[in-house]
1. I'd like the Kirkwood hydrodynamic radius of the stretch A:138-192, using the inverse of the mean 1/r over distinct C-alpha pairs, in Å.
2. Enumerate the calculated ³J(HN,Hα) couplings along the stretch A:433-440 in order (Karplus 6.51 cos²θ - 1.76 cosθ + 1.60, θ = phi - 60°), each rounded to whole Hz, writing x wherever the residue is Gly or Pro.
3. Give me the percent of DSSP beta bridges within chain B that run antiparallel, rounded to the nearest 5.
4. Would you kindly find the accessible area of residue A:321, with a 1.4 Å probe and non-protein molecules such as ligands, DNA and RNA excluded, rounding to the nearest 10 Å²?
5. Cross-link candidates for residue A:117: which aspartates and glutamates have Cα within less than 18 Å, leaving aside residues fewer than 8 places away along the same chain?
6. Note down, for the stretch A:278-484, the three equivalent ellipsoid semi-axes (square root of 5 times each alpha carbon gyration tensor eigenvalue), biggest first, whole angstrom.
7. Counting protein heavy atoms only and a 1.4 angstrom probe, how many square angstrom of accessible surface do chains B and A bury in total, to the nearest 100?
8. Round to a whole number: what % of the accessible area of the stretch B:103-182 belongs to carbon and sulfur, probe 1.4 Å?
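The values are calculated or read from the model by the stated rules, or taken from the named source; none is laboratory data. Note that the structure is predicted; figures quoted are calculated from it, not measured. Ideal geometry is used to build each Cβ from the backbone, glycine not excepted, and the neighbour counts take in all protein chains shown. Just the protein is used for accessible areas: all its heavy atoms, side chains included, with ligands, DNA and RNA removed. Shrake-Rupley method; radii C 1.70, N 1.55, O 1.52, S 1.80 Å.
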Amino acid sequence: MKKKSFFLVIIVFLLALIIPVTHAKAANDNYLQKVKDKGTLVVGTSADYPPYEFTAKENGKTKYVGLDISLAEKFAKDIGVKLEVKNMNFDSLLVALETHKIDMVIAGMNPTPERQKSVSFSKIYYTGDQYMLINKKDAAHFRKIKDFKGKTIGAQTGSLQYSLVKQQMKGNDVKGLAKLNDLVIALQSQKVNAVAMEEATAKAFAENNRNLKVIDPGFDIDASQTGSAIGFSKGADSLVNAANKTIDEVKKDNLINKEYIPAAAKNMTTNGKKNSMLNYWTYFAKGIEYTLIITVVSVFFGFVLGTLFALMRLSRNKLTHGLAVSYIEFVRGTPLMVQVMFVYFGIGAVIQSLPALIAGIIAVSLNSAAYVAEVIRSGIESIPAGQTEASRSLGLSQKETYRYIIIPQALKNIWPALGNEFVTLIKESSIVSIIGVTDIMYQMQLVQSATYKGVIPIFIAMIIYFIMTFGLSKVLGYFEGKMKHA
Amino acid sequence: MPNLIEVQNLGKSFGDNEVLKDINEVVKKGQVICVIGPSGSGKSTFLRCLNVLEEPTAGKVLFEGNSLTGISENELNNLREKMGMVFQSFNLFPNMNVIENIKLAPLRVKKLSDDEATKQAQDLLERVGLADKAEQYPQSLSGGQQQRVAIARALAMNPEVMLFDEPTSALDPEMVGEVLKVMKDLAESGMTMVVVTHEMGFAKSVADEIWFMADGAIQEKGNPETFFNAPKTERAQDFLSKILI
């Protein structure tokens with residue numbers, strides 16, 4: 001149903017070069033035993049895909065629901081362990097599997113031959129049809145594939161639908177976005193004319209939005225490509241066999257159609273009734289909490305490390321100078337998004353228990369340090385040499401000169417630039433949502449999924465970010481005033 | 001009188017540019033020496049070599065018999081404490097007020113208590129005539145006042161010698177007098193001083209010895225009377241003929 005993206009292939013390839021973990025472990029298959037030993041089955045999913053997996057609110061708490069989650073719960077019960085769900089971008093799931101951050105992937109994932117090269121799949125547990133979501137007012141002239149001639153079709157990047165549209169609607173432009181919610185927004189604002197979508201998902205969106213309609217455009221579908229299966233690390237046959245046993249039972253009793261989908265549908269409709277944003281303020285509150293944690297901790301370490309790198313760069317020692325310059329240039333020359341993914345999946349492959357929040361904080365701090373270092377260096381270099389000479393001639397050491405003379409004056413000069421960097425940090429921290437840190441951005445996406453509303457959550461998130469950055473600017477301005485003598 | 005500073009075969013080059021050439025001189029305790037000469041002659045560099053703000057490229061500088069070169073940073077800091085320096089551009093610390101400027105080194109280097117340091121700073125401000133400016137910030141003072149604070153700041157470390165690097169060159173003419181007066185008082189109190197200056201009147205009346213520098217070397221030295229009335233070298237005669245009106 002969804003396909004591995006090119007980006008993912010590159011990351012996996014790089015990781016495989018650096019950390020040859022998988023091969024060593026595939027030799028003796030103790031995967032099932034390992035899961036039993038730790039007592040928890042860690043399941044990765046991408047919870048924006050009703051009815052397969054999505055979030056619902058119960059007694060004020062967010063929980064993951066959907067037919068995939070129900071199936072995962074049964075599987076965990078069958079092998080006698082607890083279930084832990086890790087939510088992340090669909091694109092990140094297979095990397096997480098390869099780096100052993102999760103034990104299995106259940107995300108309506110389709111076992112394409114391409115994926116089977118790096119993943120061991122269970123039997124197919126569910127097969128859904130591929131439909132199209134359109135605006136209701138277009139219902140009269142969009143019925144079948146041929147009616148869409150020259151129109152733009154949206155589909156989730158890396159998904160089966162995306163390749164279906166590519167292959168079977170050659171005269172059309174395909175617009176690929178990572179999130180279904182964003183695609184639906186694009187549909188409602190006429191950026192695309194239709195969105196190719198899994199049957200049940202499409203129906204869920206239509207049910208929750210009066211202006212949308214589901215049609216069956218008649219994709220020519222190869223049955224072996226539309227079913228969903230559970231993904232495991234390559235060679236984890238013990239887990240695959242155990243999962244197949246569970247799937248057999250589920251199929252025998254027709255649990256998916258009889259129990260799981262109705263349960264999911266119930267969650268979807270109750271969600272639909274609570275579509276007022278007020279009901280979701282706890283989502284945003286949690287997002288603010290995490291964004292603040294990341295920002296405050298990263299500002300602190302960014303500043304400390306930044307000062308260190310600035311002093312190293314100013315040092316006369318060629319080695320420390322060179323190290324600092326290389327670090328600063330490298331970090332400034334690579335995107336924060338890639339750094340976040342590298343810390344989480346790369347370093348996380350060595351330190352298996354590295355939580356996403358810590359990984360996010362490490363990446364953002366290290367990134368910020370490089371920029372802060374340059375700001376501080378410019379501040380230090382702006383202080384006239386006479387200040388140092390006066391201080392040294394009084395017998396103060398270099399360290400004391402920095403501490404009492406140079407740094408206080410430099411700080412005052414660079415304060416606006418430093419403040420700017422911290423405001424940027426609040427905004428840039430939103431990137432950690434891609435590895436599943438529950439910051440404002442991430443919570444916003446959850447609310448989008450839960451309410452089937454696209455724009456309002458974005459607007460709220462925007463306002464929250466603005467209040468935070470504006471508040472910070474005011475605080476910094478206050479301290480700038482206090483330093484007027486310095 | 002014992003030797004306070006001994007300069008032995010001192011040389012300084014910036015790349016290919018040889019600024020100081022093989023200088024050998026002695027400053028005795030209690031002496032006031034004025035270093036004069038045309039601009040670009042190496043006067044300031046010479047003075048800055050005395051407390052190693054410029055690292056000599058040849059020879060050495062001894063202070064009370066201890067070499068200032070080839071020693072650890074710590075040892076250098078200990079020796080520098082005893083050599084006060086006053087700069088052309090004052091170099092007061094703008095992030096501190098006047099009294100904090102003066103107290104900084106006594107507190108941090110000499111580890112005086114705050115009370116002692118404050119008391120001493122107030123006495124020094126009194127001495128340079130700025131007792132009422134203690135809480136002001138440097139930017140709000142005139143150039144002459146700033147330079148007097150800078151002198152007080154250097155004196156706060158009870159130095160054995162004071163080095164002045166053209167202390168009045170950046171001042172408006174009406175402020176030169178107040179700074180020179182403080183320096184004259186200081187000289188009369190017995191302080192050893194090395195003063196790089198263009199103030200010939202001051203040199204004439206205060207100096208024990210004039211060192212005339214040109215082309216990176218001390219060309220001629222002697223007491224002010226002899227030097228100003230009967231310079232021996234052609235360079236000095238030429239220089240004096242240009243500046244004396």
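1. Across the stretch A:138-192, the inverse of the average 1/r is 11.4 Å.
2. 4, 5, 9, x, 6, 7, 7, 4
3. 55
4. Solvent-accessible area, nearest 10 Å²: 70 Å².
5. A:29, A:91, A:98, A:103, A:237
6. The answer is 37, 21, 11 Å, longest axis first.
7. The B and A chains share an interface burying roughly 1900 Å².
8. About 45 percent, which is the carbon plus sulfur part of the accessible surface.
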